[in-house]
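Input: a single structure, listed below in structure tokens.
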There are 2 protein chains.
Amino acid sequence: MTTVSWVEVDEAAGFGIANLPYGVFARPGELPRVGVAIGDRVLDLAAMSAAGLVEDRRYFASGSLNAFMVAGRLAWQANRDRVTELLTDESYRGRVEPHLIPVADVELLRPFEVADYVDFYSSEHHATNAGRMFRPNAEPLTANWKRLPVGYHGRAGTVYPSGTPIIRPSGQRRAPGDAEPSYGPSLRLDFEAEVGFVAGVPSAAGRGVPTGAFRDHVFGFVLVNDWSARDLQAWESQPLGPFLGKSFATSISSWVVPVAALEAARVAPPVQDPVPLPYLRCDEPWGLDLELEVRINGQVAARPPFASMYWTSPQQLAHATVNGAPLRTGDLFASGTVSGPERDQRGCMLELGWNGQQPLELPDGTERTFLEDGDTVTIRAQAPGAFGSRITLGEVTGTVHPAQP
Amino acid sequence: MTTVSWVEVDEAAGFGIANLPYGVFARPGELPRVGVAIGDRVLDLAAMSAAGLVEDRRYFASGSLNAFMVAGRLAWQANRDRVTELLTDESYRGRVEPHLIPVADVELLRPFEVADYVDFYSSEHHATNAGRMFRPNAEPLTANWKRLPVGYHGRAGTVYPSGTPIIRPSGQRRAPGDAEPSYGPSLRLDFEAEVGFVAGVPSAAGRGVPTGAFRDHVFGFVLVNDWSARDLQAWESQPLGPFLGKSFATSISSWVVPVAALEAARVAPPVQDPVPLPYLRCDEPWGLDLELEVRINGQVAARPPFASMYWTSPQQLAHATVNGAPLRTGDLFASGTVSGPERDQRGCMLELGWNGQQPLELPDGTERTFLEDGDTVTIRAQAPGAFGSRITLGEVTGTVHPAQP
């Protein structure tokens, strides 16, 4: 199989033949449908199916990937193989080219309908930093942290596609030293740079998904910005965890990168000590060498390394289902903030500005402790792809709008 | 308007003309559809619509109430008025009676598709008791508890209809005094007797739902059993709240009681001191005089009084949306365990058996600290209805099955 597409591709951008992520797009006045990114084009799979070029059981003429995600690993691989063939074999060019649309001419929509949304807390550096700030008089990592991937359910109904305006949330908060809580717009609005995976194939109630069955259930990966209002969160979170400090918005990237495209990015995760209980052990290395980049108003704010995450995606999935909770198509699992050991590798303002105490200076000289109205946060990621290439997870972006009066 | 139906009704059972709750049912070999309970019958609204007896914009020939729930308050009231007329005016009897089906001949299904599921913690007695047990060295109520209705997101995908078998969950737990956590079936399986409300009409992103708009958005109330594995929960919950200790199963009752049916049950809630922030104030009394009854294997275990809840349903809804998170049709909000001040009014085994230390003796002499395999938990509730009647919220029931090997 050739490793080069007849579509002209800027390899540095990461949308080459080794990637082929899925998304949902619409042209003005037309119905949404499923496409695959190649270079700066979208391959219209609904049109390709109508032309008899790809097999389709009504997966692609759809406003979400859910129908295709439920089809399972064999269908995913068969379609990936077929699209690869069509985009690399020059003899198909005449029939395929009419179905390539410039990305600039389409609107990218939320790629899938979210069933349940779970957010983990799997970066040791992030959890340690957050523990120091939120619980200064205690051990930064709670006793359970290295025993299980700590996580909680978030709000599925506020998972938005990249580009959705983020309205600054209002709510109840109590500043340190204040006797009384007050109501008003969050004064500590934050982003969290995360990576998520989405389930395609459901699992049976009462049976967990072992780490070795990850690929049979998970369709692909997205970038996630788990927007957070730190002042609301700090006041509300005891004893039952975050609620309104998180539930106003979570943004995901437009393109879902198939698990198969990330095989070349797999690396050994950090050594886990103590050794986890058997249900959390994993025979294969499932660290992922994704290099994240966070920009605020175009200025690089951080470069968090996903390979440093303590708990891996298959461990997160095995844990979330070990109690018999079944998976549904569209279940989204986010990693938690990705933070590396260095200051410029931290994945949220809480850490970058050390709880407001050490402003982050951006390359252009502007400073931030938390986000201001008008700020645009864009998270991107690149990873090793097949054939020595680089692939991208695309981007998730959002601009902060003032609180509603 | 007469207050008596021509359908023979056992008034003590609570399914009289003042109730008229909605559900989804199926007869063997037929498609599910929407019905209303009257006495020991289901009025088949899909068939009534086909016969031109009720107005219907495709609400009722459906496997869920969601299409009807989104139609809004005027449609809900119009249908309630029409069904009341049909069931009280003897002149309709000949045309309506063919569409009354014995409840015993149908299967009652999950009444609506759950969008997001939020669980509150709004009983002062429960929160105080739980605080004493889980955090014995701290104030039982956290500093935020009387300032806002503490809550968190639960797993929508495991909200099951009444009658669904509850498989004992396995997971990670560490007993007090144990150095290491272990894996295995929960040893502290519990129920939680709760009351929930379900949203029908969505709200706009960025705008909260004020307490005064509760009736414009909320379709009705159900009984909830928020099954809990206390050992999993205790080990996992810091710092981000409950996860696997709750996510294996939540059961809801088959009948959704319209808000309109509960008008006669409204009472003043407990005095709130300190006075809540303005967004949580409510001009109207929204305590609800629901008398819950919990039975274990048919034996009365507790009678929790819902009227004792500190935070009311409109306050919970206003709080959950104050950050701009929009409502979706099917959003379910549960009250948290309903516990009164007396021991026999406590709504979960954790409290009834005081964390395993004081076994609960049931009327037949059997004892329980937590639930055993084979135990059936049934929660019922009654409330004052219109015309001096009593209405019921029906029941939510479930039997504990052994953990999967």
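The values are calculated or read from the model by the stated rules, or taken from the named source; none is laboratory data. Every value quoted in this text rests on a predicted model; they were computed, and no experiment measured them. Neighbour counts run over all protein chains shown; Cβ positions are idealised from the backbone, glycine included. Note: areas computed on protein heavy atoms with side chains; ligands, DNA, RNA excluded. Shrake-Rupley method; radii C 1.70, N 1.55, O 1.52, S 1.80 Å.
One table, with the values for the structure above:
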quantity	calculated
Average accessible area per residue (Å²) across segment B:138-210 - probe 1.4 Å, nucleic acids and ligands excluded	34 Å²
Qualifying GluC sites (Glu not before Pro) for segment A:9-74 [loop in DSSP, other Cβ within 10 Å: at most 13]	A:30, A:55
Label spacing, shortest first and in nm, from residue B:268 to its equivalents in the remaining copies (7 angstrom along Cα→Cβ)	7.0
Residue mean of other protein chain beta carbons inside 10 Å, B:163-173	4
For A:279-286, mean number of other protein chain Cβ atoms within 10 Å	1
Ellipsoid semi-axes in whole angstrom, largest first, where each is sqrt(5λ) of the Cα gyration tensor of chain A	35, 24, 20
Surrounding net charge for residue A:142, when Lys and Arg each add one and Asp and Glu each subtract one, Cβ distance under 13 Å	+2
Around residue B:32: net Lys/Arg minus Asp/Glu count, Cβ-Cβ under 15 Å	-1
Rg/Rg_globular for segment B:1-126, with Rg_globular taken as 2.2 N^0.38 Å and Rg from C-alpha atoms	1.12
Separation of alpha-carbon centers, segment B:40-117 and segment A:204-224, rounded to whole Å	39 Å
Inter-part distance where segment A:383-404 and segment B:298-323 are each reduced to a Cα centre, Å	42 Å
Space enclosed by the convex hull of the alpha-carbon atoms of the protein assembly as shown, per residue, Å³	165 Å³
Approximate spin-label separation residue A:358-residue A:263, in nm, with each point projected 7 Å along Cα-to-Cβ	4.3 nm
Teacher prompt: residue B:143 distances to equivalent labels in other copies, 7 Å Cα→Cβ, nm	2.5
Pairwise FRET efficiency - residue B:58 versus residue A:300, Cβ, R0 = 41 Å, nearest 0.05	0.20
Rounded percent of accessible protein surface that carbon and sulfur make up, segment A:264-405, 1.4 Å probe	48 percent
Cα-based helix-to-principal-axis angle, B:124-134 vs chain B, degrees rounded to 10	30 degrees
Cα-Cα P(r), segment A:286-342, percent of pairs per 10 Å interval	19, 41, 27, 11, 1
Among A:116-122, B:177-183, the order from most to least packed when residues are scored by Cβ within 10 Å on average	A:116-122, B:177-183
Overall Cα dimensions of segment B:188-272, principal axis frame, Å, largest first	40, 31, 30
Average partner coverage of B:204-216, which counts Cβ from other chains inside 10 Å	2
Most to least packed among B:80-87, B:144-151 [average Cβ atoms within 10 Å]	B:144-151, B:80-87
Nearest residue to the symmetry axis between A and B, taken on chain A by its Cβ, in whole Å	A:241, 1
Label-point separation in nm, residue B:95 to residue B:387, each point 7 Å along Cα→Cβ	2.1 nm
Label geometry 7 Å along the beta-carbon vector: residue B:50 inter-copy distances in nm	3.6
For peptides B:388-394, A:209-215, A:194-200, sequence by mean Cβ density within 10 Å, most packed first	A:194-200, B:388-394, A:209-215
Value at 222 nm in deg cm²/dmol, rounded to 500, when DSSP H runs of n ≥ 4 in chain B each add -39,500 (n - 2.57)	-4000 deg cm²/dmol
Simple spin-label estimate for residue A:183 and residue B:272 in nanometres, 7 Å along Cα-Cβ	0.9 nm
Nearest-ten-degree value, helix B:73-88 long axis tilted from longest Cα axis of chain B	60 degrees
Highest-fluctuation residue, A:342, A:124, A:139 considered, GNM on chain A with Cα pairs under 10 Å	A:139
GNM result for chain B, Cα springs below 10 Å: residue of B:155, B:95, B:303 fluctuating most strongly	B:95
